[in-house]
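Here's the structure, in structure tokens; my notes come after.
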Ligand SMILES: [Zn+2]
């Protein structure tokens, strides 16, 4: 019995080993076949889109991290909208790993912001350089030997941009030197213009002075009225002592003229240009001068102490024709001025005084 049992166990053990051996060999064959055909790889995807296959997840992650956090040179910072995802897969053995392709895709999806330094004039960017030190050096060079009245209002501004654009040092210097030259020229032109204006104002002041001087010397008898378009001047300065038409005093008839009271001997001028038609003594008028101005207009100057003109003489308002007196029917020195139009006396105060 024991023998049978032992033989039975032996038989089955042998069979089991046989099966195991077959399974092991079979598995090995399958694994070998798989390994011959396939290899493991990490599929890298962003937003569900495959960007490539890599051998090692950690290595590519470290590379991407280094790229995104790079702040060398003028890089201020980098941004990527989304980080990639990784999935382990079996791929055909002959498929190449694509680390470079993945990095190119990452660079494409990354925005780089650069920090540069703008040299500004009155708040306006003139040139951009890569370091603050360069900007300061250029500003100091431009300010050298600059006229103290010319202020370029230079400053430095931080510029953040996704495009890396800077001027070369020589280019920046040229731009700012041109600016300096323009500003200096502008200042000099302005200065010259100011001098020109000041000179012109001085000349104008001089001219004004000489004009007012000439007015003072020539305009001794300014026209103060007009009669039918004929300019009239006052024959004497004085106060009105008797008006036209008055019947006061010893008069029996209305006053035919205007009495202007002033001191004896005061020069009398004619009211306008004309021709002397009478120069002599005439009754109550005393010494009388009559001037005909044409168009039926005549003027009478009575009670004169002296007569300086003769009949037929041409006179104008600069001619002194006689002197104030009290000849004829008069109670004191005054000028009796009479203006007649077509022989009829009119009120001189319609035109003068
Ligand atoms: Zn009178």
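The values are calculated or read from the model by the stated rules, or taken from the named source; none is laboratory data. Because the structure is a prediction, the values reported are computed rather than measured. Don't worry about glycine lacking a Cβ; one is built from the backbone with ideal geometry, like all the others, and counts go over all protein chains shown.
Please name all residue pairs, on different chains or six or more residues apart, with Cβ atoms under 9 Å, provided the first residue is in the range 276-288 and is outside the structural domain of residue 338 (by TED's automatic domain parsing) and the second residue is buried (at least 18 other Cβ atoms within 10 Å of the Cβ) and assigned to a helix (DSSP H, G or I).
Matching pairs, first to second residue: none at all.
Among the residues of the range 314-353, which ones are within 13 Å of the ligand (Cβ to nearest atom), closer than 18 Å to residue 296 by Cβ and surrounded by fewer than 19 Cβ atoms within 10 Å (Cβ to Cβ)?
Scanning the range 314-353 gives 345, 347.
Residues 114, 86: which one is at pLDDT 95 or above and under 36 Å from the mean Cα position of the chain (by Cα)?
After applying the criteria, what remains is 114.
Only one of these is without any contact (Cβ under 8 Å) to a residue 60 or more places away in the chain and in contact with a helix residue (DSSP H, G or I) (Cβ under 8 Å, 6 or more places away or on another chain): 303, 336. Name it.
Checking each option against the conditions leaves just 303.
Condition (residue is under 27 Å from the mean Cα position of the chain (by Cα), part of a helix (DSSP H, G or I) and surrounded by fewer than 16 Cβ atoms within 10 Å (Cβ to Cβ)) applied to the range 142-154: is it met by at least one residue?
Filtering the range 142-154 for residues under 27 Å from the mean Cα position of the chain (by Cα) gives 142-143, 146-154.
Then keep just the ones that are part of a helix (DSSP H, G or I); that gives 142-143.
Filter again for surrounded by fewer than 16 Cβ atoms within 10 Å (Cβ to Cβ), leaving 143.
Yes: one or more hits.
If a residue has to be buried (at least 21 other Cβ atoms within 10 Å of the Cβ) and within 12 Å of residue 346 (Cβ to Cβ) to count, how many in the range 288-299 make the cut?
1
Out of 234, 185, 221, report the one residue that is closer than 30 Å to residue 347 by Cβ and modelled with pLDDT of 90 or more.
234
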